[in-house]
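S.K.: I have a structure here, written as structure tokens, and I will follow up with some questions on it.
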Amino acid sequence: MNNHEIDYKLYGDDMQFVEVELDPNETVVAEAGSLMMMDDSIKMETIFGDGSKGHGGGLMGKLMGAGKRLITGESLFMTTFTNVGSGKRKVYFASPYPGKIIPMDLSEHHGKIICQKDAFLAAAKGVEVGVEFQRKLGAGFFGGEGFIMQKLEGDGMAFIHAGGAIHQKELQPGEKLRVDTGCLVAMTSTVDYDIEAVGGIKTALFGGEGIFFATLSGPGTVWIQSLPFSRLASRVFAAAPVTQGGGGKNTGEGGIGGLFNLFND
């Protein structure tokens, strides 16, 4: 085993957080800003990259690891949490938006998972958070997540998060699944990923589902989310009040609130 062995427990339903239990000298690596709380004797440290040994030692190795994170649009830095006490200690990480946390034992998935570039939450120290380039130009340019996705490699535990409810589906050899590009959360390395255009000009322009969708071919495992963050954000933005002249007044308000605004004007 190259990764630290950690125990965990999930809490909550729609706004989940994960409790990670660390033995003395065990470490978990997490995205900056994902910490919820932690016990005493947990040492927090900011590092370049993911802290794995896959990039080698020295400055160049650390810069390579950090550079990969920069390409995916993530922060150059990650945070490690190490138990420096004599007994077991716990640290907690929370999802950034409503959804589920998916625990993944990478040793059960051939040591590699490919996921959305913003799905990673935390992992045992030693798990390598890298870059997965889509080999097909169509998947890269129109895949919803762009040309670059994240890959998690190692033999330890990793935690990713997704929006809404999660559906895990096992694809048999030759079995295909068509998915909205934003709903794909993660897949094993054996799944073939491509992009297919929606048939018919009328359907593409007025169907409301976009012009492209992802085609996933087995064998392998895929994880699908019911509420991509981009879809949630667009609905929130669409429901936001309309303002005039930067004054912050809601022009769509009616009733008593609208009368007060009228008199104030």
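The values are calculated or read from the model by the stated rules, or taken from the named source; none is laboratory data. Every value quoted in this text rests on a predicted model; they were computed, and no experiment measured them. Surface areas here come from the heavy atoms of the whole protein model, side chains and all, with no ligands, DNA or RNA. Shrake-Rupley method; radii C 1.70, N 1.55, O 1.52, S 1.80 Å.
S.K.: Give me the number: length gained by fully extending Lys112 to Asp14, i.e. 0.36 nm times residue separation minus the C-alpha to C-alpha distance, one decimal in nm.
M.R.: Full extension from Lys112 to Asp14 adds 32.6 nm.
S.K.: Multiply the residue gap between Phe237 and Met37 by 0.36 nm, knock off their C-alpha separation, and tell me the result in nm, one decimal place.
M.R.: 69.0 nm
S.K.: Then there's this: Can you sort His161, His4, His167, His110 by 1.4 Å-probe accessible area, starting with the largest?
M.R.: From most accessible down to least: His110, His167, His4, His161.
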